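Each reported figure results from applying straightforward, stated rules to the coordinates on display, with no laboratory input. Keep in mind that this is a model prediction, so the values were computed, not measured. As a convention, Cβ positions derive from the backbone with ideal geometry for all residues, glycine included, and neighbour counts pool all protein chains shown.
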Amino acid sequence: MRLLSALALGALVLPLAARARDPRSYAQPDQVVVTHLDLGLQVDFARRQLRGQATLTLDWKNPKATDLVLDTRDLKIARVEAVDANGATRALRYALAPADKQLGSKLTIQTPRRPHEIRIAYATSPRASGLQWLAPAQTADKKQPFMFSQSESIQARSWVPLQDSPAIRFTYAARVTAPRGVRVLMSAPNDPKHPLDGRFRFDQTHPIPSYLLAIAAGDIDVRETGPRSAVYAEPSVVGKAAHEFEDTEKMIATAEKLYGPYRWGRYDLLVLPPSFPFGGMENPNMTFATPTVLVGDKSLVSVVAHELAHSWSGNLVTAASWRDIWLNEGITTYVQGRITEALYGKRQADEETLLAIRALQKKIGSMPANAQRLAPEPRAIDADDALSDVAYDKGSWFLRTLEQRFGRRDFDAYLESYFDHFAWHSITTEQMLAFMKPNLIDKYPGKMRWDEVKDWVYGTGIPADAPIPDSPRFDAIDKERTAFLAGTLPATALDAKGWNTQEWMYFLDRLPDVPPLAKLQQLDAAWHLTGTPNAEIGMRWYVHAIAAGDKAAWPAAAEHMTRIGRLYLTLPLYAAFTRTPDGLAYAEQVYARAKAGYHPLTQHAVEALIAKAKQKGGS
Ligand SMILES: [Zn+2]
């Protein structure tokens, strides 16, 4: 590996944050920490339920502790017992507190003898917030039911009773049974040749935080894409997915060249049905991905670069609390850009960066001050709220600024040493800064002042001298858009034949919020945007069409909203509709049809948005 870090590793011995209290969890890691989880689960599609038992191995920190407190949400607890060294069990008393809307139910187990292991027999609710159960009709192939988890941020507690905080790491093993013919996958090494005999076993030997626990089961086929990578998806999707993601091994090798070895063994991808609420989820060994990136030309595969980058920033070095989530997402978005640049060229990487920068510049000024900070003041932050564009795009902008000041050679070496130093630990922003000061800022004096660093991390807005990449292609698009809007360039004369996905996104992103209806109609007649199969372009197009009052686009917008449950691609259309009474009524009709196919998180977000719009409308 090049540039092996000659930095003063270990010069700074930091207290790791595993003992700090996380406001999003009832766990008391100052008393006891879970070090291993052993799951025995049955996948029951008929009841939409996982049921079985979780055995937790405990490391008692307080020799006088009398209770074990766990996080749960909507779990039915059948019994709790202590397990002794010989495997003998004895029942324990426990109390499940009434549910808190955000945190779920605190499970307090009386453990005056501080057992080494405890076992909980339980079942999940059909409405578990971290699981989605799809009927066969909601899948691509319509033959078998499908289920998958999404544990980040604090939904793991809805399918496993545990200490649900990113500060606490544990290894896990699982035995899962399912109907024959169904494939079960988890966030652990998976064997592409595993028979579909209904019995699966998993071993995650690296300590992971709870939000990286993941499971999926369904009619899932597999194609190998490299010596340590494969793509999993429904049979009718797997070929297309394997083609779109054929560069996966090259991506892994690129990331390794930059930041040191990939430490997890296999890197596989699971393409989920379109209701998956996110673009991708970096479940260890098995990224879960949306099918909306399968556009045929690899223009949206940066989602894989992103989830793969999490194998270093996020999964290897983890933010200790949701307030510190920019450590996961900002660094990952930066690394994603580096992988994209190495594989697809600087033009592609710069365009993706510029799209993010322009979007952030447009909205950051109107956000609450605390939400503009990379490391917000730790008060009243909802775990999911913390996952905003600021964590991703201001975070990566900070890293690009550091790269520009210190130069690639020294900054790459620094970042590799950061991953090495904190490997397999969960850390706070302050621990990251305490490492950065001697190993980067003070080591290369005169490149960046410490108060500049603090302004990036704790300040609001974007520092005025933040570097912005050049893009002659985007500049040309700006000129064309201006001329088109001014009426000096007809829609048919736009030089859009060669525009890639990012260039269309950029053109549409910078249209006026409410464009003139006639202009949109000209655009559509020339370029047939209504009905586009590319959901990134579609989302932007429909938002503008709805804002402009183009009712002819409504049915196609409704089709997009019904087909896709990915929050980022669907929620903006609902938001656009709710701005007028007609639109709000239409959005409610669309939601009534689409709801059954949406993930619980998407349902929750859409319902909250509609309720807010109705409140505003006074009805
Ligand atoms: Zn991410």
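Mind listing the Cα extents of the stretch 562-619 along all three principal axes, in Å, largest one first?
For the stretch 562-619, the Cα spread along each principal axis is 29, 18, 17 Å.
Sort the stretch 126-272 into rounded, prolate or oblate with this rule: let a ≥ b ≥ c be the square roots of the eigenvalues of the Cα gyration tensor; rounded if a/c is under 1.5, and if a/c is not under 1.5, prolate when a/b is larger than b/c, oblate otherwise. Intermediate results must be reported in sequence, preceding the final value.
On the way: a/c = 1.68, a/b = 1.03, b/c = 1.62.
Here the stretch 126-272 falls in the oblate category.
By the gyration tensor of its Cα atoms, with a ≥ b ≥ c the square roots of the eigenvalues, what is the shape of the stretch 327-375: rounded for a/c under 1.5, prolate for a/b over b/c, or oblate? Walk me through the intermediate numbers first.
Details: a/c = 5.96, a/b = 1.78, b/c = 3.35.
Note, shape of the stretch 327-375 comes out oblate.
Mind giving me the nanometre distance, one decimal, between the label points for LYS454 and ALA173, set 7 Å out from Cα along Cα→Cβ?
5.0
Take the alpha carbon atoms of the stretch 305-321, find their center, do the same for the stretch 518-556, and report the distance between the two centers in whole angstrom.
36
Quick check for you: which residues of the stretch 188-202 have the amide N under 15 Å from the point 7 Å beyond the Cα of ARG47 toward its beta carbon?
Label zone hits: none.
Can you tell me the length gained on complete extension of the stretch ASP67 to LYS614, counting 0.36 nm per residue apart and subtracting the Cα distance? Walk me through the numbers on the way to the answer.
Working: separation 547, 0.36 × 547 = 196.92 nm, distance 4.52 nm.
Net length gain for the segment: 192.4 nm.
Quick check on the exposure proxy: order HIS116, HIS560, HIS528 from fewest to most C-beta atoms within 10 angstrom. Don't jump to the answer; show the numbers that get you there.
Numbers: HIS116 14, HIS560 23, HIS528 9.
Going from sparsest to densest Cβ surroundings: HIS528, HIS116, HIS560.
In which sequence would PHE484, PHE200 go, from the one with the fewest C-beta neighbours within 10 Å to the one with the most? Before the final figure, lay out each step's value.
Working: PHE484 20, PHE200 24.
Listing PHE484, PHE200 from fewest to most nearby Cβ atoms yields PHE484, PHE200.
Test of understanding: ordering SER366, SER302, SER165 by Cβ neighbours within 10 Å, fewest first, what list do you get? Before the final figure, lay out the partial values.
Numbers: SER366 7, SER302 25, SER165 29.
Least crowded to most crowded, the residues run SER366, SER302, SER165.
Given the Cα-Cα distance of ALA371 and ASP84 and 0.36 nm per residue of separation, how much length would full extension add, in nm?
Details: separation 287, 0.36 × 287 = 103.32 nm, distance 4.74 nm.
So the chain would gain 98.6 nm between ALA371 and ASP84.
All other residues with a Cβ under 14 Å from the Cβ of GLY87 taken together, and with Lys, Arg as +1 and Asp, Glu as -1, what is their net charge? Write down the numbers at each step before the final one.
Values: positive: ARG90, ARG119; negative: ASP38, GLU81, ASP84, GLU117.
Result for the neighbourhood of GLY87: -2.
Residue by residue through the stretch 466-481, what is 3J(HN,Hα) from phi via Karplus (6.51 cos²θ - 1.76 cosθ + 1.60, θ = phi - 60°)? Round to whole Hz and write x for glycine and proline.
Once rounded to whole Hz, the list reads 4, x, 10, x, 7, 8, x, 5, 5, 4, 5, 5, 4, 5, 5, 4.
Around SER388, which amide H atoms from residues at least 5 apart in sequence, or from another chain, sit under 5 Å from its own amide H, with H modelled in the peptide plane?
Placed amide hydrogens put nothing under 5 Å from SER388.
In nm, to one decimal, how far is the modelled label at ALA585 from the one at ALA552, with both set 7 Å along Cα→Cβ?
With each label placed 7 Å out from Cα toward Cβ, I get 2.3 nm.
Find how much the distance from ASP470 to ASP297 grows on full extension, using 0.36 nm per residue of separation minus their present alpha carbon separation; answer in nm with one decimal. Write down the numbers at each step before the final one.
Details: separation 173, 0.36 × 173 = 62.28 nm, distance 2.40 nm.
Contour length minus the Cα-Cα distance gives 59.9 nm.
Please report the spacing between the Cα centers of the stretch 186-231 and the stretch 333-383 in Å, no decimals.
Comparing the Cα centres of the stretch 186-231 and the stretch 333-383, I get a distance of 31 Å.
Loop-only trypsin sites (Lys or Arg not before Pro) in the stretch 63-101, please: DSSP not H, G, I, E or B, and at most 13 other Cβ atoms within 10 Å.
On the way: sites: LYS64, ARG73, LYS76, ARG79, ARG90, ARG93, LYS101; in loops: LYS64, ARG73, ARG93, LYS101.
Answer in residue order: LYS64, ARG93, LYS101.
Determine the sum of side-chain charges near PHE411: Lys and Arg each +1, Asp and Glu each -1, restricted to other residues whose C-beta is under 9 angstrom from that of PHE411. Walk me through the numbers before you get to the answer.
Numbers: positive: ARG405, ARG408, ARG409; negative: GLU403, ASP410, ASP412.
Net charge around PHE411: 0.
Divide by every residue of the chain the summed helix terms, -39500 (n - 2.57) for each DSSP H run of at least 4, and state the resulting mean residue ellipticity at 222 nm, rounded to the nearest 500 deg cm²/dmol. Don't skip to the end; give the middle numbers.
On the way: 17 runs with 213 residues, N = 619.
Here the helix-only value at 222 nm equals -11000 deg cm²/dmol.
Taking Rh as the Kirkwood radius computed over C-alpha pairs, what is the Stokes-Einstein D of the chain at 20 °C in a medium of viscosity 1.002 mPa s, expressed in µm² per second?
The estimated diffusion coefficient comes to 84 µm²/s.
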